[in-house]
Amino acid sequence: MDITFEGNRLTLSDGAGFRHTYSALWLRESSFSPEFRDEKTGHKLGDGDTLPLDIALASATLRDEELRLAFTDGHRCAYSTAWLVDTARKPFFQELAGDKELFDASLDPLPWHDLAELQASPAAIRDTLDDLARLGFALVRGMPSQLNGMQAFIDLIGYMRVTNNGAIEDIKAVPPEQAYDLSMTPRALEPHTDNPYRIPQPGYVLLHCLENAAEGGESGITDGFRAAEELRKESPALFDALATTPVNWFYRDDQAILEDTSTFIELNRQGEICHVRFHGRSDRVAAVDPDQLDAFYKARRRFIELIRSDTLEVRLKLQAGEMFIVDNYRIVHSRKAFRLETGARHMRQAYIDRDVVSSRQKTLRRSLNAKPWRAR
Ligand SMILES: [Fe+2]
């Protein structure tokens, strides 16, 4: 590593192609020095906005891969060059740790886990969450057959999200006058992500099977990121239509008005797909330019074809005591129709917010002794 500095700029470079110029104020404000930063939380003890705007480097020395800095306000701190390189190469936080693996229908093996193992071993919880990060879903067997049996899993992660429909909800066919959602009928549910009209949209969907004896009722799981990447490969223009056309999502009844506007495909700052939405019942695309709408309608048609295709959709039938957890910003899920006269089908569903899952994964990766998310 080599350094050069002048005034309020410092450049770090190696012979292998890394080169980044840092602002002196950024280096000053990033200080890990205990006089400036709380060691327990990593939060600053002082206000960054009061640091001198014209702060400069008084000295900079590099020894044993440690960069020691002194600033014109008298502050001194040190960084490892590895940390500085890392912050330049990966300037943003990652919601979940680890690389994503986009999958198709040939995914084998499926990411099965066992509740008893999760209860016995924090490493097994971490592995389940790592699968959720990598694939966007995980499957758990050995779930208790009681109505709220999925609470045993939720307790290992943290808290569930409560909505106006309650906490752990029934997904079973009920008399038509009691149904407030299409999931409460025996009809097929076309591929969808849950509740894009909520703010925030539920982060993770848990579906616990108590009984699935009826004919039909198989689940479909498609990697929405994979489907979107396929679309991008086939036609950048159609991909762009789904990434830019605003869609209004809504649910309205006598007790709730839930509305949000967003796109089918959302990209992060690096241009990577970070959120896929599809809910063909609650969407009404905004009345934008009709030429844009033409492209949008065509793109939507192709997108759903890809989502339901034999090559992309993983199909399985959950049995009693089995559960799936899916990343609702990535996985598009569906279920086939079932015939009530051939047996009962009873599922229970719950949501978990995104920060609960990402915090649990990251704290477990830091230490297997990490405590689940709890009120203090
Ligand atoms: Fe759903």
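Where a number appears in this text, it was derived from the coordinates with a stated rule and is not lab data. Here the structure is a predicted model, which is why all the values come from computation and not from measurement. Don't worry about glycine lacking a Cβ; one is built from the backbone with ideal geometry, like all the others, and counts go over all protein chains shown.
Numerical summary
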| quantity | calculated |
| --- | --- |
| Length-normalised contact order for the range 112-366 - Cα pairs under 8 Å, 6+ apart - percent | 37 percent |
| Spatially proximal lysines relative to K298 (Cα-Cα < 26 Å; intrachain offsets below 8 disregarded) | K233, K336 |
| Rounded to whole Hz, the Karplus (6.51, -1.76, 1.60) HN-Hα couplings of the range 353-367, x for glycine and proline | 6, 5, 5, 5, 5, 5, 5, 4, 5, 5, 5, 5, 6, 6, 7 |
| For the range 111-178 versus the range 218-253, the gap between their alpha-carbon centres in whole angstrom | 26 Å |
| Cα gyration tensor shape for the range 283-376, rounded if a/c is under 1.5, else prolate or oblate | oblate |
| Selected from G217, F250, A138, residue furthest toward positive end of dipole (the range 112-366; charges at beta carbon) | A138 |
| Average Cα contact separation per residue, the range 32-181, under 8 Å, 6 or more apart, as relative contact order % | 12 percent |
| Mean residue ellipticity (222 nm) of the chain, computed from DSSP H runs ≥ 4 via -39,500 (n - 2.57), nearest 500 | -7500 deg cm²/dmol |
| Between helix 224-234 and the chain: long-axis angle, C-alpha atoms, 0 to 90°, nearest 10 | 80 degrees |
| Furthest towards positive pole of dipole, G17, Q361, A105, structure part the chain, Cβ charges | Q361 |
| Packing-based ranking, highest mean first, of 197-208, 23-34, 309-320 given that Cβ atoms within 10 Å are counted | 197-208, 23-34, 309-320 |
| Set of lysines near K362 by C-alpha distance (under 18 Å), chain-local residues within fewer than 8 positions excluded | K40, K90, K100, K371 |
| Cβ charges +1 (Lys, Arg) and -1 (Asp, Glu), total dipole of the chain, debye | 420 debye |
| The chain shape via C-alpha gyration tensor axes, a/c threshold 1.5 | prolate |
